[in-house]
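Here the structure comes first, spelled out in structure tokens, and everything after it is commentary.
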Amino acid sequence: MVNVHKLGVQFSGETLFEDLSFQLGPGDRVGLIGKNGAGKSTLLRLLSGEMQPSSGTIAREKDLKLGYLKQDLDFEKGRTVLQEAYTAFGEIQQVEAALEQVNASLATRTDYDSEAYHQLMVDLSELTHRFELIGGYRYQGETEKILMGLGFQRTDFQRQTTEFSGGWRMRVELAKLLLQENDLLLLDEPTNHLDIDSIIWLEEFLRQFPGAVVLVSHDRMFLDQVTNRTIEISLGRLYDYRKPYTAFLEMREEIRQQQLSALKNQQREIQQAERLIERFRAKSSKASMAQSLIKKLDKMERIEVDMEDSQVMNLRFPVSVRPGKVVAELEGLSKTYGSNTVLQDIDLLVERGSKIAFVGQNGQGKTTLARILVGDLDYQGGCTLGHNVQIGYFAQNQADFLEGSQTVEDAMIHAATEQTRPRVRDILGAFLFRGDDVEKPVKVLSGGERNRLALARMLLQPFNVLVMDEPTNHLDIPSKKVLKEALKHFEGTLILVSHDRDFLQGLTNQVYEFRDGGIKPYLGDIDFYLKERKAEDFRSIEKGEAVPTVSKNEQAPSDGAENYEARKRKRSLKNRLGTLETKIAGLEKEIGEMDYALQMEYDKTVSDPEFFDTYQQRKAILEGLMEDWAALSAELDSLG
């Protein structure tokens, strides 16, 4: 499918990596890992053909269909969700436009016996046949089906893509990749900004995807759920094992320990040989033996131990001044966007030293409440900050506020105060921006490096309350560990919005679950919350496997149990629809290939009775699945 041979990339004379070689085949689901700046996104760009290597080659199979999901989505303004999704069907739209042109010509012409009119009729027949063959009569229905499976409502289809958050736009792009029926998917941090429900859907889709997948992710659970192979880029070298992430780490460490043991044995052998050489060299009778040992040492292949990239940032969050006992008090707080009520009658008391986690699905108000606390949004009701409260805020898209044309150092200097400006270089060094790195333009930094820079800028302003919204997006696993350790030692008040259980473990002593406009407090850490919800992890809660809870803030109506059951049923229906849609897409691809075989090798296929039996079976199965999908969709629509 793809053969990579001795690939190398240099930027401004500096080598990012070199001599990378590997192959990709159908069924490979590769987790591409490495520290921020190691070259993961660059390698995806090379594989996609967006960028050319400095050395080496990439050989792709002829007619390979490739889909590439980038970190930073670039939607064309002015398109609706449906229009953007339709861009997945390039050939269909071209044929459709040609058909419209031919039909328009036929409608205005009266020279029915002319050769030109006859040619138009031939063109119409050929285009109509091609349109049917490539799924032209199905693509609109398929697009709506996939979008609804990903959580969009029909009312969303005509909304502009710019009206949606990054997570929802990511879903549009995922829908396009699914509709395109690609052979190879390149996914750069696909879980960033996705809620757990969407991550579960994506995991299921990728597990059933018949082609090859190469994905960059710092979500350990996602990697273990999806991948069957791990490729690591470390210090310019490539390590490739057919194991998912956790198993890869264990194997990598075992191999390294074996190398260390072998190296010690070899060093003892070398030292012993060198002592003998020194002893024999002085005696003429032993000179030939000394020369023999010298030759043996020269020919010996020295054992190398795989080097570990142990560089990590050095992070601590100092508290500015001591605030009053009450940091923030919310009374009857509500927030609406048009007719949509996100938060309703919220009461919340945040005391000094609290360590709080906000959890729940996307769209339930976690980020909204975080932004209200830092003064970014207006609201109804009461929100009072306490005495001497100074808030530091790290937004989901904090790195987007960096000016791309500035250098790393300039970005820091512009955010510094008079007191912190002399410390800019020291802070940058602590975040692994050293030497010439500080002169790099921000626009060339990787997503993780931009997030590190955004974290560094936070330290330039005083704060005693830290509000962080998904701070681990784009951060590599070692950086996540460093951030977690720094937050553990932070002596101020902490509010974290996150869906990363590993990151939250041991960080907080209160959890607030957001659902249906309200919040439910759990006075314990994330493990206590999951135990109370009778769930192993967030995924169980999203799948409806956990026991529901109702709080005063949730404003549950008298038929709350029925509402919960309806919501649980809707989640179950959506999951079943997603599975059905994947099966339908696979069958439609098989039938499309058989249609193509009929067109290209008609004599051969018509003489094969097994071909037509299989063809009819596939169509019958597809018809049954479509009926099941219609029934489930109707039931889902009836639930509102």
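The values are calculated or read from the model by the stated rules, or taken from the named source; none is laboratory data. Everything numeric here is computed off the predicted structure, so don't read it as measured data. With ideal geometry, Cβ positions are generated from the backbone for all residues, glycine too; neighbour counts draw on all protein chains shown. Note: accessible area is taken over every heavy atom of the protein model, side chains too, but ligands, DNA and RNA are not part of it. Shrake-Rupley method; radii C 1.70, N 1.55, O 1.52, S 1.80 Å.
Within the group A97, A85, which residue is open to solvent by less than 30 Å² (accessible area, probe 1.4 Å) and under 25 Å from V172 (Cβ atoms)?
A85
Okay, residues lined up against (1) in a helix (DSSP H, G or I); (2) open to solvent by 20 Å² or more (accessible area, probe 1.4 Å); (3) more than 21 Å from V467 (Cβ to Cβ); (4) out of contact with any Cys (no Cβ under 8 Å at 6 or more places or on another chain):
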residue	(1), (2), (3), (4)
R371	yes, yes, no, yes
G375	no, yes, no, yes
D378	no, yes, no, yes
G381	no, yes, no, yes
H387	no, yes, no, yes
E403	no, yes, yes, yes
R423	yes, yes, yes, yes
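Across the stretch 213-240, what is the total count of residues that are open to solvent by 60 Å² or more (accessible area, probe 1.4 Å) and either assigned to a loop (DSSP other than H, G, I, E, B) or in contact with a Cys (Cβ under 7 Å, 6 or more places away or on another chain) (or both)?
The number of residues fulfilling the criteria is 1.
Starting from residues that are open to solvent by 60 Å² or more (accessible area, probe 1.4 Å) and out of contact with any His (no Cβ under 9 Å at 6 or more places or on another chain), keep the ones in the stretch 585-605 and report whichever is modelled with the highest pLDDT.
E590
When you scan the stretch 146-156, how many residues do you find that are modelled with pLDDT of 85 or more and open to solvent by 10 Å² or more (accessible area, probe 1.4 Å)?
3
Kindly evaluate D378 against the criterion of being at pLDDT 85 or above and among the charged types (D, E, K, R). Break it down stepwise before answering.
Values: at pLDDT 85 or above: yes; among the charged types (D, E, K, R): yes.
Spelling it out, D378 is indeed at pLDDT 85 or above and among the charged types (D, E, K, R).
How many of the residues in the stretch 179-212 are assigned to a loop (DSSP other than H, G, I, E, B), modelled with pLDDT under 85 and within 16 Å of G149 (Cβ to Cβ)?
Residues meeting the conditions: 3.
Looking at (1) open to solvent by 10 Å² or more (accessible area, probe 1.4 Å); (2) more than 17 Å from K574 (Cα to Cα); (3) in contact with a Leu (Cβ under 8 Å, 6 or more places away or on another chain), find the lone condition where E163 falls short.
E163 satisfies every listed condition except (3).
Would you please name the residue that is most open to solvent (accessible area, probe 1.4 Å), looking only at residues in the stretch 21-44 that are more than 22 Å from V444 (Cα to Cα) and more than 16 Å from the chain's Cα centre (by Cα)? First the steps, then the outcome.
Narrowing the stretch 21-44 to residues more than 22 Å from V444 (Cα to Cα): 21-31.
Checking the rest, the ones that are also more than 16 Å from the chain's Cα centre (by Cα) come to 21-28.
Details: S21: 55, F22: 15, Q23: 117, L24: 7, G25: 17, P26: 101, G27: 26, D28: 15 Å².
Filtering first and then ranking leaves Q23.
Determine, yes or no, whether V438 is among the β-branched types (V, I, T) and within 25 Å of the chain's Cα centre (by Cα). Full working, then the answer.
Details: among the β-branched types (V, I, T): yes; within 25 Å of the chain's Cα centre (by Cα): no.
Here the answer is no, as V438 does not meet what is asked.
What are the residues in the stretch 329-345 that are under 18 Å from D469 (Cβ atoms) and at pLDDT below 90, if any?
Passing the criteria: Y337, V342.
What residue, of S217, S234, is at pLDDT below 85 and of a type outside the set (A, V, I, L, M, F, W, C)?
It is S234.
From the list K264, K243, pick out the single residue that is part of a helix (DSSP H, G or I) and not β-branched (V, I, T).
K264
Yes or no: L127 within 22 Å of K589 (Cα to Cα), open to solvent by less than 50 Å² (accessible area, probe 1.4 Å) and touching a Phe, Trp or Tyr at 6+ places or on another chain (Cβ under 8 Å)?
In short, no.
Which of the residues belonging to the stretch 478-501 are within 30 Å of G386 (Cα to Cα) and of a type in the set (G, A, S)?
Matches in the stretch 478-501: A486, G492, S498.
If we scan the stretch 452-467, do we find a residue that is within 20 Å of A370 (Cα to Cα), open to solvent by less than 10 Å² (accessible area, probe 1.4 Å), at pLDDT below 85 and in a helix (DSSP H, G or I)?
Within the stretch 452-467, one or more residues are within 20 Å of A370 (Cα to Cα), open to solvent by less than 10 Å² (accessible area, probe 1.4 Å), at pLDDT below 85 and in a helix (DSSP H, G or I).
Residue by residue through the stretch 250-259, note down the ones that are at pLDDT 75 or above and surrounded by 13 or more Cβ atoms within 10 Å (Cβ to Cβ).
Result: M251, R252.
Could you give every pair whose Cβ atoms fall below 8 Å, whose first residue belongs to the stretch 115-137 and is farther than 13 Å from A98 by Cα, and whose second residue is among the small types (G, A, S) and surrounded by 12 or more Cβ atoms within 10 Å (Cβ to Cβ), counting only separations of at least 6 or pairs across chains?
L133/G592; I134/G592; G135/G592
For M313, all conditions in the list (1) surrounded by 17 or more Cβ atoms within 10 Å (Cβ to Cβ); (2) modelled with pLDDT under 85; (3) not in a loop (DSSP other than H, G, I, E, B) hold save one; what is the number of the exception?
(3)
With respect to T582, determine if the residue is assigned to a helix (DSSP H, G or I), modelled with pLDDT under 75 and among the β-branched types (V, I, T).
Considered against the rule, which asks whether it is assigned to a helix (DSSP H, G or I), modelled with pLDDT under 75 and among the β-branched types (V, I, T), T582 comes out as yes.
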